[in-house]
1. Go through the range 60-74 and give me each residue that's of a type in the set (D, E, K, R) and either surrounded by 10 or more Cβ atoms within 10 Å (Cβ to Cβ) or in a loop (DSSP other than H, G, I, E, B) (or both).
2. Quick one: HIS46 ticks every box in (1) at pLDDT below 90; (2) closer than 30 Å to THR126 by Cβ bar one, so which box is it?
3. Taking the condition over 38 Å from the mean Cα position of the chain (by Cα) and surrounded by 10 or more Cβ atoms within 10 Å (Cβ to Cβ), does LEU89 pass?
4. Would you be able to tell me the number of residues in the range 75-103 that are aliphatic (A, V, I, L, M) and assigned to a loop (DSSP other than H, G, I, E, B)?
5. Can you pull out the residues in the range 123-149 that are touching a residue at least 24 places away in the same chain (Cβ under 8 Å) and surrounded by 14 or more Cβ atoms within 10 Å (Cβ to Cβ)?
6. Checking the structure you have, find out if any residue of the range 103-122 is in contact with a helix residue (DSSP H, G or I) (Cβ under 7 Å, 6 or more places away or on another chain), under 21 Å from GLY88 (Cα atoms), in contact (Cβ under 8 Å) with a residue 40 or more places away in the chain and not acidic (Asp, Glu).
7. Looking at the range 1-14, is at least one residue under 30 Å from GLY52 (Cα atoms), under 43 Å from the mean Cα position of the chain (by Cα) and exposed (fewer than 10 other Cβ atoms within 10 Å of the Cβ)?
8. Would you check which residues across the range 21-57 are surrounded by 10 or more Cβ atoms within 10 Å (Cβ to Cβ) and not in a loop (DSSP other than H, G, I, E, B) and list them?
Amino acid sequence: MKLENLAPAAGATKTSKRLGRGQGSGKGGTATRGTKGAQARAGYEHKIGFEGGQMPIQRRLPKFGFKNPTRVEYRAINLKAIENLAAGLGVSELGVEDFKAAGLAGKNDLVKVLAVGEISAALTITADAFSKTAVTKIEAAGGKAVVSE
């Protein structure tokens with residue numbers, strides 16, 4: 001392979017239409033802009049969302065919904081994932097940092113433990129929040145659910 005042999009892949013490049021370069025080109029005269037009006041003139045810019053005087057879509061459609069600015073989002077971690085992690089690490093206490101280190105939560109995530117799956121080992125689990133069922137299952141297995149602050 002030599003430098004002079006390099007070429008773009010077939011169909012990768014396109015030559016642009018040369019508009020308004022005389023009548024012989026077939027694109028002379030109005031240069032495909034039609035006749036008269038602002039859109040035919042040089043320097044024409046339309047407003048964002050302008051639809052030629054028709055009622056724009058952002059005004060035709062109704063507003064709906066609500067974004068709660070004080071919403072607290074948690075990363076959900078299930079009991080079966082916690083049991084697998086505890087068995088893999090061979091520990092009886094797990095905290096938020098252990099979940100982050102294992103990749104179950106991001107570094108800025110708040111962690112909530114949910115009750116999907118069963119837990120058989122007596123574990124002390126520290127998290128930002130727990131579901132009621134998760135607390136029941138953890139305590140039934142002889143463990144403790146500790147809410148971190």
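The values are calculated or read from the model by the stated rules, or taken from the named source; none is laboratory data. Bear in mind the structure is a predicted one, so any value in this text is a computation, not a measurement. Neighbour counts run over all protein chains shown; Cβ positions are idealised from the backbone, glycine included.
1. LYS63, LYS67, ARG71, GLU73
2. (2)
3. So LEU89 does not fit the description; no.
4. To start, the set of residues in the range 75-103 that are aliphatic (A, V, I, L, M) comprises 76-77, 79, 81-82, 85-87, 89, 91, 94, 96, 101-102.
Those still in the list that are assigned to a loop (DSSP other than H, G, I, E, B) too: 91, 102.
Residues flagged as aliphatic (A, V, I, L, M) and assigned to a loop (DSSP other than H, G, I, E, B) within the range 75-103 amount to 2.
5. Let us first name the residues in the range 123-149 that are touching a residue at least 24 places away in the same chain (Cβ under 8 Å), namely 123-129, 134, 137-138, 143, 145, 148.
LEU123, THR124, ILE125, THR126, ALA127, ASP128, ALA129, ALA134, LYS137, ILE138, GLY143, ALA145 - these are the residues of the range 123-149 that are touching a residue at least 24 places away in the same chain (Cβ under 8 Å) and surrounded by 14 or more Cβ atoms within 10 Å (Cβ to Cβ).
6. Checked against the condition, which is being in contact with a helix residue (DSSP H, G or I) (Cβ under 7 Å, 6 or more places away or on another chain), under 21 Å from GLY88 (Cα atoms), in contact (Cβ under 8 Å) with a residue 40 or more places away in the chain and not acidic (Asp, Glu), the range 103-122 yields at least one hit.
7. So in the range 1-14, the residues under 30 Å from GLY52 (Cα atoms) come out as none.
The answer is no, given that none of the residues of the range 1-14 is under 30 Å from GLY52 (Cα atoms), under 43 Å from the mean Cα position of the chain (by Cα) and exposed (fewer than 10 other Cβ atoms within 10 Å of the Cβ).
8. Answer for the range 21-57, where residues must be surrounded by 10 or more Cβ atoms within 10 Å (Cβ to Cβ) and not in a loop (DSSP other than H, G, I, E, B): SER25, GLN39, ALA40, GLU51.
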